[in-house]
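The values are calculated or read from the model by the stated rules, or taken from the named source; none is laboratory data. What you are looking at is a predicted structure, and each value in this text was computed from that prediction instead of being measured. FYI the Cβ positions are ideal-geometry reconstructions off the backbone, even for glycines, and counts take in every protein chain you see. To get the accessible areas, we keep the full protein, side chains included, count just its heavy atoms, and leave off ligands, DNA and RNA. Shrake-Rupley method; radii C 1.70, N 1.55, O 1.52, S 1.80 Å.
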Amino acid sequence: MELLYKYSWIVPSCPFVTSGSIGLLLFLFPKSTRSLRRICSTLSILSLAVAMSVSLIPFWQQVNRHSTYEYSWSRILNDDISLKMGFSVDPLTPIVSVLVTTVGISVMIHSDSYMRHDQGYVRFPVYLSLFTASMLGLVFSPNSIQIYVFWELVGMCSYLLIGFWFVRPSAANACQKAFVTNRIGDFGFLLGILGTYWITGSFEIRESCDRLSELTDKGSIGYLLANACALSPFLGPAAKSAQSPLHIWLPDAMEGPTPISALIHAATMVAAGIFFVARMLKLFETLPLSMNVISYVGAITALLGATIALAQRDLKKGLAHSTMSQLGYMMLALGIGAYRSALFHLVTHAYSKALLFLGSGSVIHSMEKVVGYSPNKSQNMFLMGGLRKYMPITGTTFLLGTLSLCGIPPLACFWSKDEIISESWLHSPLLGCIASLTAGLTAFYMSRIYILTFEGSFRASSGSPQSSTLSSRSDNFIWGNTKMAVMGQEITDTYSLIKKEEQILPTIDSSEEFLVRREEINTGPDIYYSSKSLYPKESDTLMLLPLILLSIPTLLIGFVGVRKDTGLDSLSEWLIPLISLSEDTKNSNSENFLRFLIDSISSVSLSLVGVFISCIIYGPIDFYRRDSYKNKGINSLLEKLEIFFGSVSLAIQNWSYNRGYIDYLYDIFFVRGTLLLSKLTSLLEGWIIDGIINGTGTSTLLGGEGARLGEGGRISSYLFGLMIGITPLLTVFAFPASQEFLFQDITYTSMKENPVTILLRFSEKGE
């Protein structure tokens, strides 16, 4: 078995070597490498397939025999510092590695068709391979220093991929925003690593966790110091996994190509934070304060992401806030000690969200041929509708992912999400209430996304939003036709909102017949899309194949963690070395499973209510229209309800579209505050610090000039000055009247040793 584990280093090495080789060829021979771009893409897919095959070996070994294997060698030969590099395989490692490789292969296959006409076609798989290699290296790392190295590589790759179309100002700003936000978290992450080493004297994860727990139990270190050392590295996962308040980079990350959005939100960057907290959970468990902080941060993030996603117009940003909410679920589960449920939801959510993002990529790719390459149009759900008729495979697979995230049984996310909700109620009623409310909101906005995109009639068939079927609902406030405050201006309809967005994020100029990809202006050939195609078409086979493959785990992966009547579930069996299971727990699995089904009735009911409300509001039938009822009493009641819900809807739309106003608060307090502080600092430096220095220099100059003028070299002038100085002294000491006047209050007895007294006495004697 150890012989098999020794080859685990191949898993991160394969994509890393492929990425480095293709990148080097692209740097040395750019034209030749671009001409072989399909071969380069094929090599990237094959290398990741090899990594997936190798990662299945330790996965199968963990299924049959639970063990932990670590291989490392010293890199610093010093008695004071012990730093080893290598790789570690435990029950957590193969689960995450299989997840990363399978999702990565699906994304690469999808990208082969999605990025086919892009000039950066070769550069994209190079970044993707490096991204997956960095994540796999992080998963197999045995110590915190090695984790930190791959942690920064993951951040670098996300910066490159979010800003892949750097010609667009919005993409350039988005990658910088992600970079700065993650640097804030990574600074705390590094401080936590160094603080833990200072206390425990080890960088090894298991050893440092054991030592810190032992020192805390004995009282050798202060409780606050231990919590500070535990929460400092938590800032890194909070930024990587988009936990509030460091979540602001995640929606802007949608400026990158859709395949990379799928990889970031499913298996790499956001999963890195959850993985690290799960890896260090033994350290957090000994500190109740740290666990409470983690749980409540996760709960706030879950609820905040769900509320912001309620009225999003952009398809990808709606899914991005959904990811933020689901990551909050995972962090909440880790904070209450539900280790197994958090990892279970990480797996089920990864496959479901990868399916949804790749499905959205298929939709956007088809919409670009109708409305042109403008993210404000091709990603706007109010310009879609009825796509299931034209894209049946994409629509069906997207529906599976939607129902899974809604928590509808027996799809994957139902099992994991309901476990988190049940354990949240057991831990705290407040956390359970937040988790249940978030589940209902999730069902509402995910159903809304599906209905607006795939149901009804196609609203951009004539090429103009004004003449679309959306105009038939001009009196419907839910569709976004109320007055909204966007950047301090009121927007009255969807078409005006699109125009306003185009002013905020300007797009390229285009004629009525052609629209060109913005990133092709300076970097590639002119790829045109004709607006004569009135309806979108189903994507090609390479884009549909990953959707079909990802539908399988979306349907079936949830049954892996189902607690059956006899024995343990498969996921708990794999995680036996990491979680403690007593005999009583093993014997009561049937009772737990029955109780789980009973407890899930409430959450499933909330999900169904959310789906039902979404269908009523956004469905093809207007149940709420007053003119469909002849009874005046019903019409009057509906009118009052419409006025009430209209005001509520307006508040929700403003909250959602402005992302909870958090970006504006950051702009006021941090951006403008920093600018104001810099101006004050500039004034302080110019008038006070420079004033003191310049004043000192000027006074020295004037004093020197005065001394230079006084030093004339004439003895008569010096004697004249000396006489002027001696004259007052002689006046004082030579005349007794002046002495009495000056020293009348001075007693000689108290000043016997005073030199002035001695001088006066001698002057009176005439000596």
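Worth pointing out:
- Close contacts from the stretch 447-461, counting a first residue that is under 9 Å from Phe382 (Cα atoms) and a second that is hydroxyl-bearing (Ser, Thr, Tyr) and open to solvent by less than 10 Å² (accessible area, probe 1.4 Å), with Cβ to Cβ under 6 Å and a gap of 6+ residues or different chains, come to Arg459/Ser468; Ala460/Ser468.
- Residue in the stretch 1-9 that is modelled with pLDDT under 80, part of a helix (DSSP H, G or I) and among the acidic types (Asp, Glu) present: yes
- Within the stretch 1-40, considering residues that are farther than 18 Å from Tyr127 by Cα and of a type in the set (A, V, I, L, M), the one least open to solvent (accessible area, probe 1.4 Å): Ile10
- Filter result for Ile300 (part of a helix (DSSP H, G or I), of a type outside the set (Gly, Ala, Ser), surrounded by 24 or more Cβ atoms within 10 Å (Cβ to Cβ) and in contact with a helix residue (DSSP H, G or I) (Cβ under 8 Å, 6 or more places away or on another chain)): no
- Of the residues making up the stretch 207-232, those that are closer than 13 Å to Asn143 by Cβ and out of contact with any Lys or Arg (no Cβ under 8 Å at 6 or more places or on another chain) are Glu207, Ser208.
- Among residues of the stretch 423-447, those that are closer than 28 Å to Ser649 by Cβ, of a type in the set (S, T, N, Q) and surrounded by fewer than 21 Cβ atoms within 10 Å (Cβ to Cβ), counted: 1
- Near pairs, Cβ below 8 angstrom, 6+ apart or cross-chain, from the stretch 367-392 (farther than 10 Å from Phe454 by Cβ and touching a residue at least 12 places away in the same chain (Cβ under 8 Å)) to any residue that is part of a helix (DSSP H, G or I) and among the aromatic types (Phe, Trp, Tyr): Phe382/Trp479
- When residues of the stretch 140-165 are limited to those that are open to solvent by less than 10 Å² (accessible area, probe 1.4 Å) and in contact with a strand residue (DSSP E or B) (Cβ under 9 Å, 6 or more places away or on another chain), the one farthest from Tyr7 (Cα to Cα): Asn143
- Counting only helices (runs of 4 or more DSSP H) that sit completely within the stretch 526-621, those holding 3 or more residues that are more than 19 Å from Tyr339 (Cα to Cα) and modelled with pLDDT under 85 correspond to 589-618.
- Qualifying position, being touching a residue at least 24 places away in the same chain (Cβ under 8 Å), open to solvent by less than 10 Å² (accessible area, probe 1.4 Å) and among the acidic types (Asp, Glu), among Asp252, Asp210, Asp186: Asp186
- Among residues of the stretch 375-390 being open to solvent by less than 10 Å² (accessible area, probe 1.4 Å) and either touching a Cys at 6+ places or on another chain (Cβ under 7 Å) or outside any helix (DSSP H, G or I) (or both), the one that is farthest from Leu534 (Cα to Cα) is Asn380.
- Positions within the stretch 5-41 being β-branched (Val, Ile, Thr) and touching a residue at least 12 places away in the same chain (Cβ under 8 Å), in sequence order: Ile10, Val11, Val17, Thr18, Ile22, Thr33
- The stretch 135-186 - residue that is under 17 Å from the mean Cα position of the chain (by Cα) and charged (D, E, K, R) and, of those, nearest to Ser13 (Cα to Cα): Glu152
- Residue match in the stretch 397-416 (condition: open to solvent by 10 Å² or more (accessible area, probe 1.4 Å), in a helix (DSSP H, G or I) and free of Cβ contacts under 8 Å to residues at least 40 places away in the same chain): yes
- Given (1) more than 29 Å from Met391 (Cβ to Cβ); (2) open to solvent by 10 Å² or more (accessible area, probe 1.4 Å); (3) at pLDDT 50 or above; (4) under 28 Å from the mean Cα position of the chain (by Cα), index of the condition Gly488 fails: (3)
- Out of Ser208, Ser220, Ser213, Ser244, sole residue that is among the hydroxyl-bearing types (Ser, Thr, Tyr), within 26 Å of the chain's Cα centre (by Cα) and either in a helix (DSSP H, G or I) or more than 17 Å from Met291 (Cβ to Cβ) (or both): Ser244
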